[in-house]
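Contents: one structure, followed by commentary.
The values are calculated or read from the model by the stated rules, or taken from the named source; none is laboratory data. Computed from a predicted model, the values in this text were never measured in an experiment. A quick note on method: Cβ atoms are made from the backbone with ideal geometry, for glycine too, and the neighbour counts reach across all protein chains shown. Remember, those area values only see protein heavy atoms, side chains included, never the ligands or the DNA or RNA. Shrake-Rupley method; radii C 1.70, N 1.55, O 1.52, S 1.80 Å.
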Amino acid sequence: MIENILNNGYEALASGVLAAFSAQVLKFIIFTIQSKKINFKIFTTTGGMPSSHSAGVMGLSTTVGIVEGFDSMFFAIALGYALITMYDAAGVRRAAGKTAACLNRMMDDFYKHDVQAIGGKLKELLGHTPFEVIMGAIFGILFAIVFHNYLLNY
């Protein structure tokens, strides 16, 4: 079974998905330790430390580099995709989250803290700080290397 995914697209896909999932688990653990509360919604939310989006795309990109070569066109495409995703996580989605926070404060003031009358608050934690993105990327790279070596030695 393992030999069916080693050194092909299935390994790259598995590496990306598992890196993102593992980062989400790590995010849950970090949140639980910091807040001393258990919140299972962390598994389905965006934002926070580390970025699971960054971990996923860098896990995929690193595996593509390992399998196809870091000088291949496939790696260049995967890395380009990863950089755009990480830029979006730290830029556009973070800005949208800040805008949502501002609108939520305005709705609180305007509706006198009865924002349920207009459908509830907007989600504020959408993006990541640059540090969260970098840590997610590092996690994804390391995950891909460890995952590939695990498959080689299995």
> Only one of these conditions is not met by residue 38: (1) over 14 Å from residue 141 (Cβ atoms); (2) of a type in the set (Val, Ile, Thr); (3) open to solvent by less than 30 Å² (accessible area, probe 1.4 Å). Which number is it?
Replying inline: (3)
> Would you pick out the residues in region 47-81 that are touching a Phe, Trp or Tyr at 6+ places or on another chain (Cβ under 6 Å) and either outside any loop (DSSP other than H, G, I, E, B) or acidic (Asp, Glu) (or both)?
Replying inline: 55, 59, 64, 65, 68
> Considering only region 20-46, how many residues are assigned to a helix (DSSP H, G or I), over 9 Å from the mean Cα position of the chain (by Cα) and not hydroxyl-bearing (Ser, Thr, Tyr)?
Replying inline: 13
>> If I ask for residues that are open to solvent by 70 Å² or more (accessible area, probe 1.4 Å) and either in contact with a Gly (Cβ under 9 Å, 6 or more places away or on another chain) or closer than 18 Å to residue 17 by Cβ (or both), which ones from region 41-52 would you list?
In response: 43, 44
> When you go through (1) loosely packed, with under 13 Cβ neighbours inside 10 Å; (2) closer than 16 Å to residue 136 by Cα; (3) not aliphatic (A, V, I, L, M) one by one for residue 15, which number turns out not to apply?
Replying inline: (1)
> If you go through region 59-75 one residue at a time, do you hit one that is more than 23 Å from residue 150 (Cα to Cα) and open to solvent by less than 30 Å² (accessible area, probe 1.4 Å)?
Replying inline: yes
> Residue check: is residue 86 over 16 Å from residue 142 (Cα atoms), part of a helix (DSSP H, G or I) and modelled with pLDDT of 85 or more?
Replying inline: yes
> If we scan region 114-128, do we find a residue that is surrounded by 13 or more Cβ atoms within 10 Å (Cβ to Cβ), closer than 30 Å to residue 5 by Cβ and either modelled with pLDDT under 90 or not charged (D, E, K, R) (or both)?
Replying inline: yes
